[in-house]
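Notes for the one structure printed next.
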Amino acid sequence: MTHYRPAGAGVIVTQVVPYPEDTSVNLVGQYLAALKAAKPDARPGFVSLEGYMVGRLLIEALTKIPGDVTRRALTETVTWTGRFDLGGVTLTYGPENNRGSSQVFLTVIQPDGSLKPIEALPKISG
């Protein structure tokens, strides 16, 4: 997992995937099991979780392609299938949407340089 310098304590960092140790998300539990099976001493991280999600998306899309697997067939299948539930994380695509997700996950740098997930930012009164 990424570690930051302790001087960054309190800084909020945004992520595009869930916290890679949050087993309350089914996808993360599957990712951790796959990571352990592939390399027992590997450390979970945001980048490898994102790669796992892409792999899961690809597998889901490939199983839905009617006929030959081509680049065009893959992109059309992703676009027209639209919604892929990867186990607690949903990716959505369409003719005008190739982002997959608009979800943002928040983490905060701890005094020891580690990251901790946070659910919401405090409301700022002004």
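The values are calculated or read from the model by the stated rules, or taken from the named source; none is laboratory data. On a predicted model such as this, the values are computed, not experimentally measured, just so you know. Here the Cβ positions follow ideal geometry from the backbone for every residue, glycine too, while neighbour counts run over all protein chains shown.
Do you know which of the residues in the range 71-126 that are outside any strand (DSSP E or B) and of a type in the set (Lys, Arg) is modelled with the lowest pLDDT?
The selected residue is Lys123.
For the range 73-97, how many residues are in contact with a Ser or Thr (Cβ under 8 Å, 6 or more places away or on another chain) and either of a type outside the set (Gly, Ala, Ser) or outside the structural domain of Gln30 (by TED's automatic domain parsing) (or both)?
Qualifying residue count for the region: 8.
Return the residues of the range 92-108 that are in contact with a Leu (Cβ under 6 Å, 6 or more places away or on another chain) and not small (Gly, Ala, Ser); say none if nothing qualifies.
Within the range 92-108, just Thr107 meets the criteria.
Does Ala37 fit the bill of being without any contact (Cβ under 8 Å) to a residue 24 or more places away in the chain, aliphatic (A, V, I, L, M), exposed (fewer than 15 other Cβ atoms within 10 Å of the Cβ) and not in a helix (DSSP H, G or I)?
In short, no.
Could you please find all residues in the range 49-58 being within 18 Å of Leu115 (Cβ to Cβ) and either surrounded by fewer than 18 Cβ atoms within 10 Å (Cβ to Cβ) or not assigned by TED's automatic domain parsing to the domain that holds Arg72 (or both)?
Selection gives Glu50 alone.
Could you please find all residues in the range 54-70 being out of contact with any strand residue (DSSP E or B) (no Cβ under 6 Å at 6 or more places or on another chain) and either at positive phi or in a helix (DSSP H, G or I) (or both)?
Result: Val54, Gly55, Arg56, Leu58, Ile59, Ala61, Leu62, Thr63, Lys64, Gly67.
Filter the range 14-34 for residues that are free of Cβ contacts under 8 Å to residues at least 60 places away in the same chain and among the hydrophobic types (A, V, I, L, M, F, W, C) and give the result.
Of everything in the range 14-34, those that are free of Cβ contacts under 8 Å to residues at least 60 places away in the same chain and among the hydrophobic types (A, V, I, L, M, F, W, C) turn out to be Leu32, Ala33, Ala34.
I'd like to check something: does the range 60-72 contain any residue that is under 20 Å from Ala33 (Cβ atoms), of a type outside the set (Gly, Ala, Ser), surrounded by 10 or more Cβ atoms within 10 Å (Cβ to Cβ) and in the same structural domain as Leu27 (by TED's automatic domain parsing)?
Looking through the range 60-72, at least one residue is under 20 Å from Ala33 (Cβ atoms), of a type outside the set (Gly, Ala, Ser), surrounded by 10 or more Cβ atoms within 10 Å (Cβ to Cβ) and in the same structural domain as Leu27 (by TED's automatic domain parsing).
When you look at Gly51, is it small (Gly, Ala, Ser), in contact with a Ser or Thr (Cβ under 9 Å, 6 or more places away or on another chain) and more than 16 Å from Asn98 (Cα to Cα), yes or no?
Taking the combined requirement at face value, the residue does not satisfy it.
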